[in-house]
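To start, the structure under review is shown below, and the notes come after it.
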Amino acid sequence: MRTLSAYIHIPFCASRCGYCDFNTYTAAELHRDGTSITTTTYPDRVSAEINWLRNQNLTDDRQLSTVFFGGGTPTMISAPNLVRILDAAKTTYGLTSDAEVTTEANPDSVSLQDLEILRNGGFTRISFGHQSSASNVLQILERTHTPGKTWQAIDDARKAGFEHVSVDLIYGTPGESEQDLIGTLNDVADADVDHVSAYSLIVEPGTKLAARVARGEVAQPSDDVAAQRYGVIDAALKKMNMTWYEVSNWSKPGGECRHNIAYWKNQDWLGIGPGAHAHTSGTRSWNVKHPAAWAALIDEGASPAADQEVLAPADIAHEEIMLRLRLREGLELKVLAEAGIVEARLALAQGLLEVTDFEAGMAVLTYKGRLLADGLVARLWA
Amino acid sequence: MSKAINPPKPGATDPKIIRNFCIIAHIDHGKSTLADRMLQITEIVDPRHMRAQYLDRMDIERERGITIKSQAVRLPFVAANNETYILNLIDTPGHVDFTYEVSRSLAACEGAVLLVDAAQGIEAQTLANLYLALENNLTIIPVLNKIDLPAAQPEKYAAELAHIIGCDPETVLKVSAKTGAGVEVLLNEIVRQIPAPVGDPQAPARALIFDSVYDTYRGVVTYVRVIDGRIPHRDRIKMMSTGETHETLEVGVISPDPLASSAIGVGEVGYLITGVKDVRQSRVGDTVTLSGNPATQSLGGYRDPVPMVFSGLYPLDGSDYPELREALDKLKLNDAALVYEPETSVALGFGFRCGFLGLLHLEIVRERLEREFNLELISTAPNVVYRVVMDDGKEIIVTNPSEFPGGKVAEVNEPVVKSTILTPSEFVGSIMELCQTRRGTLLGMDYLSEDRVEMRYTLPLAEIVFDFFDQLKSKTRGYASLDYEPTGEQSADLVKVDILLHGDPVDAFSAIVHRDKAYNYGLAMAAKLKDLIPRQQFEVPIQAAIGARIIARETIRAIRKDVLAKCYGGDISRKRKLLEKQKEGKKRMKMVGRVEVPQEAFIAALSTDDNGPKVKAK
C-alpha cells in the first residue's frame, strides 16, 4: 500500500531570482497579468482545491503522511493563512499521527512570531533557502536576503519548537570559489541543522542568468569543478555527522525529509496549486500553470488539471530504477532485467556501486557513482 | 544558314561528307554551351524544346556542370559551300578519373576542338587531353571561348595555345558560346580542317565502343564508331574481347533524340541496342564485329577498367545494408569501372569495400547512392592499392589498410602517377615545396607563356588521394590545375598506423602512410578523435601505433559528473524522458569495445570534406 503525501505550491515571490525558472510570480507580475489572485486571496482557493480533490475520490481513506509547502516562497503567505491551508488538509484527508509537515521559507520573510504560529499550527519541519553565505554569490543569484539572516531565522525556529531544520544550498554558481563554499559550510556547521540539500546550479534556458552566461558576463563552472565542489560538500557534511540519503540530500540520523523520500520511492502524492504535479495510482497529472487560469477553474468547481500521463509498465519500471538508484537505501537488483544486471556488474567493477550492498542484492551508489548516476540509470535500463 | 533538307540517311552516308570530332575543354570553359549552340545553328532541336546543357542527361551532370558519360550527336550541317555535311559531335568526359574513356572517345574522332576560356587560359586536364588527342593524330582546332567577357584576354591566350600546339596565333578561333558569335565559323572550319573518316566499306565490320550506358527501359545502349564495314539492324554482332554474340535489336543515331535506322555505315557514329542488361557485356574500348563475317583483328587499345582508389562504404543505419547492396548492384549496370565486395568493420558494421577509378568517381558514386537511393553513408578515407611482398616471396594485394600484414614484410609497392600542374609562375616555389613534402620527383618544367608554367612531377597516388588537390588549390589561391595518370608503382617505406581506442584498434581509422609521416598522422588523428569523442564514465586512452609500438597518445578524461541535482515531483516525467532520449541517442552510437563513439565522430574523423575530392576544379 502506497502512502499518500501532499505537495502544496505557493507561487509567490518578493522578487524573481536571476537563476530561477520555477512557476512563481511577483505581485507586480500578477498585477500586470490582471489577476485577482494575491497572497491573501490565494489560501481560500487552495483550500477549495483540497476539498474538490477529496470529493473526487471519497473511497480512498488514506491519511496524509507528509505535507510539503513549496514555492515560490510559501512564507509570502501569512503564517495564520498557511495554518488554515494545513487545517483544510487535516479536515479533509487527515494526517497520520507521525505526519511530517514542512514549509520552505525565505530567511528574510519569517519572524519568531510567524514561526511559533506555524509550529503550533502543526508544522514540524522548516527548510530555509540559504543558498550561500558569500555575498558575491548571492549577488549573482540575485537573492535578496543577507547571509546572516539565515542563522537568526534558524535560532528563532528552534525557539519556536522546530526539531527539524534544513538549509538549502546552491553550489557551482558562476564566480563561486572553493573558499566561498567552505565559508558557507562552516556557517552550516555552526547552525547545527539536521538536514542539508545541496543542488548544483543549473543554468536554465530563459533565465536572466542564462542570458548573462550567453553574453559571457559570467562563466559557468565546468562539470569537473562541480564534481570537485560536491566532494567538498560531502566531506564537510560528514564531519557534521550528516550522511547522504539521496544524491543531493544529507541528514543526521532521523533528520531525513520523508516527503522527499516519498518521491524517490514512487509513493502517491497530491499536487495542489498552479502547476503542481501529482502522482496517484500510476498516473501523473499536473495543474494548469498560471495562477489566474488555475483560480478560474477552481472557482468554477472544475478540475484544475492541465493534462495527465498514464504510466505504462515500462515507464514505471524505468522510473523505479531512476528514482531508487538515487537513494542511499538503493535499488533492488532483482528488479533489473538480465542486461541491466550485466551493466550493474560492470558498474560494480568500475567502482560505481558499493560491493557489500551489491552482495546483499542492492545497487547502492558509491561516491563516484553518485556523480555519474544519470548515465548509470540509462545503462541499467538496458 | 538554313536547315539541311533531306540529309543523307544513317547507313547510306558517304564517308566523304562525315566529320567526327570532339570538344576538349575544362569544366566551366563552356563545352556544353557550345554544344547547345551547335544544336541550334544546325536546327536539329526545335527552338521550343531547347534547354541549357541539352546533351547532359544526369541531374548530377547538369547541376555540377560536368559531363560524366559521353554521348554522340549527329548534326547535318549545310556548310558555307552549300554542301550538306554530317558532323558527329562526340562528347567527352572532362575529368582525370575518366582518362581511358576520354582516350576511347578520341579514338572515335578525326579531329578535336580545343576549347579554352579566354579569361583563364588552358588548364592541366585540358592539356593532358590535348596531348592524348595529339597522340591519336587528331586534327586540333584551337578555340577561345567567352570572348564577350570583360576579363577575356584573347591575345594572351591565343599566343599560349599557339605555343602549345605549334600554330600561328592568328589561326586560333574566337567564339562566344553564350551569344553564338563565331560558332558558325567554327562549324565551317570543322568541315574544312578535319579529315573525313577513311575505312573499308567492304571489309568485315569493325566498330569501336566508346561509351556504354544502361537505360532502364532499353537495357544497355552502346555507342560505337564504325571503322570498317557496316552494322545492320537485326544481325548478330560479336564482342571481340569476350567472343559473346548478341542480336542488334536496334541500331541508329542520336540527332539529338534516338533515331532508329537500317544500319550504321563506315565512318559513322551511332548506337546499338542488343537487350543486354549490364554494361560489362558491352565494354568501352571493345571492338564490335558481325558474327556471320567476323573481323580477325580487333581495333586494339582495349583494356579493363582498373580501380585505383578504394573506400569502405557503410550505411549509417546498419539495417540499410540490403538496400546498399541493391543500389550498388543497380549502379554497376551502368558503371563498368565500379567494383565492390562485402566487408565487415568492427567499428562500422557491415558494408562494402568499393574500388573506383579515382576520387571524382568515388564522389559521384557516393552522391548517386545518397541521392537516387536515399541512403545515408559513412565512407572510410580513400586509399590506393598496395602490393606487399612478404619475406617468403608471397604477394598480398591490400585494398583495405586494416588488412595490411603485420611483420615479415619485405617490400611494399604503391602506385605512382605522372602529374601535370599548370600554374601562374609566381606559385612555382610553393608548388615545388608541396610536391617535395608529398614525395614528388620533378620531371620537367616549361613556360607556356610569360607567366604560366607547366610542371611535371611523379607523385605517389596515395599523396594525391590524401589532400594534395586541396593543398594545391590553397597554396595557389585556386589558380593551379592538376592532371595525372597512373604510370606504375614504386617501392616505399610504408607502414600501417593503427588507432587504438581504450586498447582496441579501430579498423576504420587504420591508414598506410610513409614512415616519416606516421607520427604526424597518428598525432593528428588522436587529437581529432579526442575532440570528437565525448567523455565516458572511464578514462579512454587514444593511441596511434605501428605494430606494437605506440607512437602517439591522447587521453579522453573520464567524465566526473553526470547527474541532475534536482528531481522534484514535477520533474520526474521530464527527467525520465530526458534520460530516455539520451539513451535513444546512444543507440546511434557505435561501440568500440566499451567506448561509445557517436557516428558524427566517425563521419567527422573520416570526413573527406577537408581532404577529399573537389569536383569543381575552378
Scan (1) within 25 Å of the chain's Cα centre (by Cα); (2) at pLDDT below 95 for the single condition B:Gly275 breaks and write down its number.
-> (1)
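Would you check which residues across region A:191-234 are assigned to a helix (DSSP H, G or I), of a type in the set (A, V, I, L, M, F, W, C) and more than 14 Å from chain B (Cβ to nearest Cβ) and list them? Can you show your working first?
First, pick out the residues of region A:191-234 that are assigned to a helix (DSSP H, G or I): A:191, A:208-215, A:223-234.
Now restrict to residues that are of a type in the set (A, V, I, L, M, F, W, C): A:191, A:209-211, A:213-214, A:225-227, A:232-233.
Result: A:Ala191, A:Leu209, A:Ala210, A:Ala211, A:Val213, A:Ala214.
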Please find, within region B:590-617, the residue that is surrounded by the most Cβ atoms within 10 Å (Cβ to Cβ) out of those that are of a type in the set (A, V, I, L, M) and modelled with pLDDT under 75.
-> B:Ala617
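Confirm whether B:Ser510 is on the phi < 0 side of the Ramachandran plot, among the polar types (S, T, N, Q), surrounded by 15 or more Cβ atoms within 10 Å (Cβ to Cβ) and touching a Pro at 6+ places or on another chain (Cβ under 9 Å).
Values: on the phi < 0 side of the Ramachandran plot: yes; among the polar types (S, T, N, Q): yes; surrounded by 15 or more Cβ atoms within 10 Å (Cβ to Cβ): yes; touching a Pro at 6+ places or on another chain (Cβ under 9 Å): yes.
Considered against the rule, which asks whether it is on the phi < 0 side of the Ramachandran plot, among the polar types (S, T, N, Q), surrounded by 15 or more Cβ atoms within 10 Å (Cβ to Cβ) and touching a Pro at 6+ places or on another chain (Cβ under 9 Å), B:Ser510 comes out as yes.
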Out of the residues in region B:112-140 that are closer than 21 Å to B:Ala207 by Cα and crowded, with 20+ Cβ neighbours inside 10 Å, state the one that is modelled with the lowest pLDDT.
-> B:Leu132
Looking at (1) closer than 28 Å to B:Ile86 by Cβ; (2) in contact with a Ser or Thr (Cβ under 6 Å, 6 or more places away or on another chain), which is the one condition that is false for B:Ile165?
-> (2)
Residue check, A:Ala99 against (1) crowded, with 23+ Cβ neighbours inside 10 Å; (2) under 19 Å from the mean Cα position of the chain (by Cα), all met but one. Which one?
-> (1)
Does at least one position in region B:367-380 carry a residue that is over 22 Å from B:Phe602 (Cα atoms) and assigned to a strand (DSSP E or B)?
-> no
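May I ask you to say which residue of A:Pro80, A:Pro107 is touching a residue at least 24 places away in the same chain (Cβ under 8 Å) and either outside the structural domain of A:Phe12 (by TED's automatic domain parsing) or over 19 Å from the mean Cα position of the chain (by Cα) (or both)?
Values: A:Pro107 fails: either outside the structural domain of A:Phe12 (by TED's automatic domain parsing) or over 19 Å from the mean Cα position of the chain (by Cα) (or both).
The conditions single out A:Pro80.
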Checked pairs for region B:568-587, first at the interface with chain A (Cβ under 9 Å from one of its Cβ atoms) and on the phi > 0 side of the Ramachandran plot, second modelled with pLDDT of 85 or more and surrounded by fewer than 13 Cβ atoms within 10 Å (Cβ to Cβ), C-beta under 6 Å and 6 or more apart or across chains, list as none
Mind listing whichever residues of region A:272-291 are touching a Ser or Thr at 6+ places or on another chain (Cβ under 7 Å) and either within 12 Å of chain B (Cβ to nearest Cβ) or of a type in the set (Asp, Glu) (or both)?
-> A:Ala278, A:Arg284
Extreme residue, farthest from B:Asp504 (Cα to Cα), among residues of region B:536-564 that are within 8 Å of chain A (Cβ to nearest Cβ) and of a type in the set (Val, Ile, Thr) | B:Val563
Looking at (1) surrounded by fewer than 16 Cβ atoms within 10 Å (Cβ to Cβ); (2) without any contact (Cβ under 8 Å) to a residue 60 or more places away in the chain; (3) in a helix (DSSP H, G or I), which is the only condition A:Glu343 fails?
-> (1)
Collect the residues in region A:337-373 that are under 16 Å from A:Trp244 (Cβ atoms) and within 10 Å of chain B (Cβ to nearest Cβ), keeping them in residue-number order.
-> A:Leu352, A:Leu365, A:Lys368, A:Gly369, A:Arg370, A:Leu371, A:Leu372, A:Ala373
In region A:126-178, which residue that is assigned to a loop (DSSP other than H, G, I, E, B) and of a type in the set (Ser, Thr, Tyr) is nearest to A:Thr66 (Cα to Cα)?
-> A:Ser132
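Can you go through B:Glu454, B:Glu489 and tell me which one is in contact with a Leu (Cβ under 7 Å, 6 or more places away or on another chain) and either assigned to a strand (DSSP E or B) or modelled with pLDDT of 90 or more (or both)?
Details: B:Glu489 fails: in contact with a Leu (Cβ under 7 Å, 6 or more places away or on another chain).
Testing whether each residue is in contact with a Leu (Cβ under 7 Å, 6 or more places away or on another chain) and either assigned to a strand (DSSP E or B) or modelled with pLDDT of 90 or more (or both) leaves just B:Glu454.
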Flag if B:Asp335 is under 21 Å from B:Ser241 (Cβ atoms), free of Cβ contacts under 8 Å to residues at least 24 places away in the same chain and in a loop (DSSP other than H, G, I, E, B) = no
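The values are calculated or read from the model by the stated rules, or taken from the named source; none is laboratory data. Computed from a prediction, not measured in an experiment: that's the story for all the values here. Cβ atoms come from the backbone with ideal geometry, glycine included; neighbour counts cover every protein chain shown.
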